[in-house]
Amino acid sequence: MRLVIADDEPLARERLRELLDGIGGVQLVAEAGDGQATLDACAEHRPDAVLLDIAMPGIDGLEAARQLRLFEPPPAVIFCTAYDAHALSAFEAAAVDYLVKPVRRERLAAALERARIMVEGRSRPATGAPSGRRTRLSARLGGQLRLIPVDTVDCLRAEEKYVVVHHAGGEDLLEESLKSLEDEFAALFVRIHRNCLVARKAITGLQRDAEGRTWVLLRDGALRFEASRRCLPEVREVLRRL
């Protein structure tokens, strides 16, 4: 997978290079120190993914990510930043992941794997080829790794820099972006709100309350999550096909 590193701090770029040395299957094709240089490097080298800082001179990382979405094909964006306050804006800019410095090698490797899956899925023909999506999600509980079967998940809900996963065994936190999960599991989940995906097979109905809000009911009403007006038509279509 071809990568561009974009960060205005030389030491930060050096740190990412060192982390990449321990991760297989990646090729660094360019580095950039500001937003415009990032766009120029991506236009020249057409990378699969960009490791992108947010606070950069001139065009910042968020604006650069928005402009990168116009590329054909757009590179996967993984934000690497010292601040966690921009997570929601980053995911609205379709980031694959959001890593807070100091970046850990295992987190970077996981983010690059999600980027790889996204890139491969985009280029794979839509005829009977394997989907490449995972069957289990990885959540950390303290120092332990917990594997959650995807077919037990009812809802994925963005909350600051994490995604809360509601599943048959309870709730856990994922260090992933809702957008990357939506791209990977589009056949299994439907977006009902800008911060929420629900399992298509778990939807059992809709409910409107006295305030005019519409709720998506899961598991015969055992769970419910608010739906936005923008997403309602697709939710109704899912119900119609069940």
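The table for this structure:
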read-out	value
Residue under evaluation Cys155, criteria (1) surrounded by fewer than 13 Cβ atoms within 10 Å (Cβ to Cβ); (2) in contact (Cβ under 8 Å) with a residue 40 or more places away in the chain, criterion not met	(1)
Check on Ala199, touching a residue at least 24 places away in the same chain (Cβ under 8 Å), over 21 Å from Arg133 (Cα atoms) and surrounded by 13 or more Cβ atoms within 10 Å (Cβ to Cβ)	no
Wholly enclosed strands (runs of 3 or more DSSP E) of region 1-106 bearing at least 3 residues among the aliphatic types (A, V, I, L, M)	2-6, 27-32, 49-52, 76-81
Index of the failed condition, Phe189 passing every other in (1) open to solvent by less than 40 Å² (accessible area, probe 1.4 Å); (2) more than 20 Å from Asp97 (Cα to Cα); (3) touching a residue at least 12 places away in the same chain (Cβ under 8 Å)	(2)
Selection from region 217-242 of residues that are assigned to a loop (DSSP other than H, G, I, E, B), free of Cβ contacts under 8 Å to residues at least 60 places away in the same chain, surrounded by 13 or more Cβ atoms within 10 Å (Cβ to Cβ) and touching a Ser or Thr at 6+ places or on another chain (Cβ under 9 Å)	Ser228
Counted residues, region 99-117 - those being open to solvent by less than 10 Å² (accessible area, probe 1.4 Å) and within 19 Å of Arg69 (Cα to Cα)	3
Residue that is nearest to the chain's Cα centre (by Cα), among those in region 178-202 that are under 19 Å from Gly221 (Cα atoms) and in a helix (DSSP H, G or I)	Arg200
Given (1) open to solvent by 20 Å² or more (accessible area, probe 1.4 Å); (2) modelled with pLDDT under 90; (3) among the aliphatic types (A, V, I, L, M), index of the condition Ala210 fails	(2)
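Rundown of residues vs (1) among the β-branched types (Val, Ile, Thr); (2) modelled with pLDDT under 80, yes/no style:
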residue: Leu88; (1), (2): no, yes
residue: Lys101; (1), (2): no, no
residue: Ala109; (1), (2): no, no
residue: Arg133; (1), (2): no, yes
residue: Leu137; (1), (2): no, no
residue: Arg146; (1), (2): no, yes
residue: Val153; (1), (2): yes, no
residue: Asp183; (1), (2): no, no
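The values are calculated or read from the model by the stated rules, or taken from the named source; none is laboratory data. A quick note: this is a predicted structure, and the numbers were derived from the prediction, not measured. Virtual Cβ from ideal backbone geometry, glycine too; neighbours counted across all protein chains shown. These area figures cover heavy atoms from the full protein model, side chains too; ligands, DNA and RNA do not enter into them. Shrake-Rupley method; radii C 1.70, N 1.55, O 1.52, S 1.80 Å.
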